[in-house]
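Chemist: For reference, the structure I am asking about is given below.
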Amino acid sequence: MQPGTHFDHPGKSPFMDMELVPKYADEAAAMQGGSSGSGTTVELSPRELSAAGVATAEVKPAPLYRVVRAEGVLGTDETRLVHVAARVAGRLDRLDLDFTGQTVRRGAPIYSIYSPDLVASGREYGLALENLARAGGDAGYIRSAESLAQAGRERLALWGLDRDQIDRIARTRQPETDLVVRSPTSGTVLEKKVVQGQYVTEGQDLYLLADLSSLWLSAKVYEQELGGIKVGQPAVARFAAFPGRDFRGRIRFIDPVLDPATRTAGVRVELPNPGGLLKPGMFATAELRVDLGRGLAVPQSAVLDTGVRQVVYVQTAPGRFTGREVRLGAPAGDLVQVVAGLAEGERVVTAANFLIDSQSQLATGQSIQWSGASEVKPSEMKKDGGPR
C-alpha cells in the first residue's frame with residue numbers, strides 16, 4: 001500500500017496485516033509516461049489466478065470483418081414494374097385481370113377491347129390484300145397494292161395485334177371486332193384503374209404490374225459506417241415473420257447523396273423472393289459484411305482504453321503480466337486489429353485485466369504481487385460463510 005517504503009527482509013507489513021512483496025533486480029523497467037499500468041508487472045500465483053478468474057488469448061492472424069446493421073423496408077424492384085396502357089381508344093368488353101393482387105403469366109390475356117378505329121384498320125388491311133390478289137400483270141399496280149397491304153399490317157401491329165391475329169385477318173379478310181390484349185410480363189397487379197364496360201382513350205393507364213420474384217430492401221446506413229460498403233457486396237436480411245431464417249442478397253445501389261437531416265445514405269439490397277414469401281412493406285434488419293482483410297487481432301475485451309492510449313496486459317511468464325501500449329486498427333466484431341505493439345504468438349489477458357490494471361496503479365515501474373480474495377482469513381468470515 002506504500003510502494004515507496006522498502007524492507008530488507010520478508011515478513012508482515014507494519015502498516016497492515018499483509019505480507020511484504022519481494023522485488024527482483026531483473027524485472028523490466030517501466031515504460032516512460034506510464035499510466036494504466038503500462039510497463040508495470042503484476043505477479044499472481046496459480047491460486048490467485050484461479051481466484052481472480054484470469055483468462056488469456058493468443059495474438060494471431062485472423063480474417064477480419066465488421067458487420068454493419070441497418071433497418072430497412074421491403075419494396076418492389078423498380079426495374080420490374082410495367083404499366084399497361086390502352087393502345088387504341090374503345091370499350092373494355094372483358095377484363096381478365098379484375099382485382100388488385102391477382103397474378104398473371106406473360107402472354108396470358110388481360111383484357112379485350114372493341115375499337116371502331118381498329119375495326120376500320122382491319123377492314124382496310126383486308127381490302128388491300130384483296131386488291132393485291134386481283135392485281136394483274138401491271139408491275140406498278142402490284143407494287144402499290146403491296147405497299148398498302150404492308151402499311152395496313154404495320155398499323156395493326158402498332159395498335160397491339162400480335163402476328164397470329166394479323167394472320168387471321170389476312171386469311172379471313174375480316175377485322176377483329178374484339179382485340180384480345182396479352183400480358184407483357186409475369187407479375188402481380190399492384191394497381192387496377194379501370195372497370196369492365198368502361199370507355200378508354202389511347203394511352204390511358206389501365207394496370208400497374210410488378211414482378212415480385214425479386215424485391216428491393218431499402219435500408220439507411222449512418223455516415224460513419226459507409227466506409228467499405230460497395231455495390232455487389234453480400235447482405236443478409238432477417239424478418240420478424242420468419243424468425244431464425246436468413247434471406248441472402250447483394251447490394252444493388254448506394255445513394256450518391258447523404259441525407260443531411262439523418263446523416264444517412266440509402267442502400268438498396270436486391271433479395272430473391274422464392275415462393276413469394278416476402279411482401280413489399282415488410283420491415284427487416286439488414287446485415288452488411290465489410291471485409292477488412294487479414295491481420296493480427298486480439299479480443300476487444302483485452303484492450304483497456306484510457307481515451308488517449310490503448311493498453312493490454314501481456315503474459316511474459318506463468319503468473320506474470322506486463323502492461324504494454326498498443327496501436328489498434330479497425331474493430332472487427334469481437335476482435336480488434338493490432339497495428340503495432342504485439343507480436344504473433346504472445347498471450348494477452350482477456351478477463352480480469354481491469355483488476356490487474358487496478359493493482360498496477362499501486363506501483364510505477366515496480367513488480368507487485370496480489371493476494372486478493374485468497375488471503376481472506378477464516379476468522380474474518382461470518383458464520384454463514386460470507387465475509388464480514
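Here, each number is a calculation from the coordinates, and none is a lab measurement. Keep in mind the model is a prediction, meaning the values are calculated, not measured. Note that we place each Cβ from the backbone using ideal geometry, even for glycine, and neighbour counts take in every protein chain shown.
Chemist: Just to be sure I follow the rule: in the chain, considering lysines 8 or more places apart or on different chains, how many pairs have Cα atoms under 29 Å apart?
Modeler: 11
Chemist: Which FRET efficiency, nearest 0.05, do LYS12 and ALA340 yield, Cβ-Cβ r, R0 41 Å?
Modeler: Details: r = 43 Å, r/R0 = 1.06.
Calculated transfer efficiency: 0.40.
Chemist: Suppose the chain between ALA241 and GLU223 were pulled fully straight at 0.36 nm per residue; how much longer would it get relative to their current alpha carbon spacing?
Modeler: 3.6 nm
Chemist: Let me check against my output: what whole-number percent is the relative contact order of the chain, with C-alpha pairs under 8 Å and at least 6 apart?
Modeler: Dividing the mean separation by the residue count of the chain yields 29 percent.
Chemist: Where both residues lie in the chain, what percent of DSSP beta bridges are antiparallel, nearest 5?
Modeler: 95 percent
Chemist: What's the center-to-center distance, using Cα atoms, between region 202-271 and region 332-357 in Å?
Modeler: So the separation of the two Cα centres works out to 37 Å.
Chemist: Bin all alpha-carbon pair distances of the chain at 20 Å intervals from 0 and give each bin's fraction as a whole percent.
Modeler: Here the calculated profile for the chain is 19, 27, 22, 15, 11, 6, 1.
Chemist: What is the distance, in nm, between label points placed 7 Å from the Cα along the Cα-to-Cβ direction at ARG327 and at LEU258?
Modeler: For the pair ARG327/LEU258, the computed spacing is 2.6 nm.
Chemist: Helix-only mean residue ellipticity at 222 nm, the chain, DSSP H runs n ≥ 4 weighted -39,500 (n - 2.57), per residue, nearest 500. What is it? All intermediate terms of the calculation are to be shown ahead of the outcome.
Modeler: Details: 5 runs with 64 residues, N = 388.
Estimated from H runs of four or more residues: -5000 deg cm²/dmol.
Chemist: At 7 Å along Cα-to-Cβ for each site, give me the label-to-label distance between ALA317 and SER45 in nm.
Modeler: Inter-label distance under the simple model: 1.7 nm.
Chemist: Suppose R0 equals 45 Å. What FRET efficiency, 1/(1 + (r/R0)^6) with r the Cβ-Cβ distance, do ALA151 and PHE99 give to the nearest 0.05? Spell out each step's value before the answer.
Modeler: Numbers: r = 40 Å, r/R0 = 0.88.
Computed FRET efficiency for ALA151 and PHE99 comes out at 0.70.
Chemist: What residues from region 177-199 fall in the zone where the backbone N is under 12 Å from a label point 7 Å along the Cα-to-C-beta line of SER213?
Modeler: In region 177-199, the label zone of SER213 (backbone N under 12 Å from the point 7 Å along Cα→Cβ) covers 185-188.
Chemist: Modelling each spin label as a point 7 Å along the Cα-to-Cβ direction, I'd like the ALA120/VAL308 distance in nm, to one decimal.
Modeler: The two pseudo-label positions are separated by 9.1 nm.
Chemist: Mind giving me the FRET efficiency for GLN204 and LEU277? R0 is 45 Å, r the Cβ-Cβ distance, nearest 0.05 is fine.
Modeler: Rounded to the nearest 0.05, the efficiency is 0.85.
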